[in-house]
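Comments concern the structure below.
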Amino acid sequence: MKFGGTSVGNAERIERVARLVADCSREADLVVVVSALGGVTELLLRAATAASHRDVETWKKVGRELDEAHREVATRLLSENEKAVLLPWLALQLKTFEDLCSGFSLVREVTPRSMDSLSSLGEALSATLMAAVLRSRGIQSQAADGAEIIVTDDRFGNASPLFEETDARTRARLLPQIEAAGIPVVTGFRGATRAGICTTLGRGASDYTATILGAALDAGEVWIWTDVDGVMTADPRLVAGAHVIPEISYREIIELSFFGARVLHAKAIRPAMKKNIPVLIRNTFRLECPGTRIGPSASGRPTGRSRHHLCFECRPDQRQRE
């Protein structure tokens, strides 16, 4: 299960996700992948730009906002024991943020390598926080850094996984926790080179993380939780009769992505397609909606050219990088 930035946008939404994960864990073994809290990645990018221009006031202000956003969730949702551990760890992560921004200010430059380390910091914060929230609800859970699992090349900003090594690390890192009835919470977006240098996976990265892990673990399904009801036949703002497509094939969703649909990036579907693992698009805020199921074929039809001219999300104006 992957949860995007809108799904974990604040304390109330994170609590909703925790309840959902708890309910689903009674019926299946789970791995959770999370994006950064809503708006956090944009803050980190703004801080990097400000730091490279030696705008100390702006990047320090961003640091305070990051601290406040994550501290509020911790204060509202964590047990006292979990807070005692997480809040000092949060202070260390913010020190990392300050060190990176200070370095950018010193050299007046942000290299792609350094940007990957800063821009994916939000996922590290989110995953650790989510695992602590689950433990506070009595659910066995540990955060796992994608940089320790997903091995990539060194194309910073748009790295490609090295699948054989990634599969081996994924199974070694996550299977023991799953077999012990725990729920790993993995950072989306992040990977690392063989040398351990942090990378990011580019557009659709957290969805990609979920399908990479799902394929490595031979998952029964991959669920992408977001803020839309599923894949639509058309933009509902323009077409009154637009509706959710209940089922669509891998090849159709790749074709729609090629023509501009943003609900799922083409590269994110390929690991699931290779293993014939169904991918479901679900709405975190409308659990009654069955969503869209993406698989080898749609409604028993053979795969082929799409019947759908274009695909939009239900509320494209609210979509964030997930």
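Amide H contacts for V186 (H built 1.01 Å from N in the peptide plane; partners 5 or more residues away or on another chain; cut-off under 5 Å): V32, V33, V34, A144. The Rg/Rh ratio of region 39-163, with Rg taken over Cα atoms and Rh as the Kirkwood radius over Cα pairs, comes to 1.01. By the Kirkwood approach, averaging reciprocal distances over each pair of separate Cα atoms, the chain gets a hydrodynamic radius of 20.0 Å.
Find how much the distance from A22 to L175 grows on full extension, using 0.36 nm per residue of separation minus their present alpha carbon separation; answer in nm with one decimal. Provide the component values of the computation, followed by the final result.
On the way: separation 153, 0.36 × 153 = 55.08 nm, distance 1.88 nm.
Here the segment from A22 to L175 would lengthen by 53.2 nm.
When a 1.4 Å probe is rolled over the protein heavy atoms, the share of accessible surface on the chain that falls to carbon and sulfur comes to 51 percent.
Just check region 103-156 against the gyration tensor rule for me: Cα atoms, a ≥ b ≥ c as the square roots of the eigenvalues, rounded for a/c under 1.5, and otherwise prolate or oblate depending on whether a/b exceeds b/c.
Since a/c reaches 1.5 but b/c is at least a/b, the shape of region 103-156 is classed as oblate.
Taking the alpha carbon gyration tensor of region 205-269, multiplying each eigenvalue by 5 and rooting it gives semi-axes of 24, 12, 11 Å, largest first. In this structure the chain gives 44 Å² per residue of accessible area when probed at 1.4 Å with all protein chains present.
The values are calculated or read from the model by the stated rules, or taken from the named source; none is laboratory data. Fair warning: this is a prediction, and the values are worked out from it, not measured in the lab. Remember, those area values only see protein heavy atoms, side chains included, never the ligands or the DNA or RNA. Shrake-Rupley method; radii C 1.70, N 1.55, O 1.52, S 1.80 Å.
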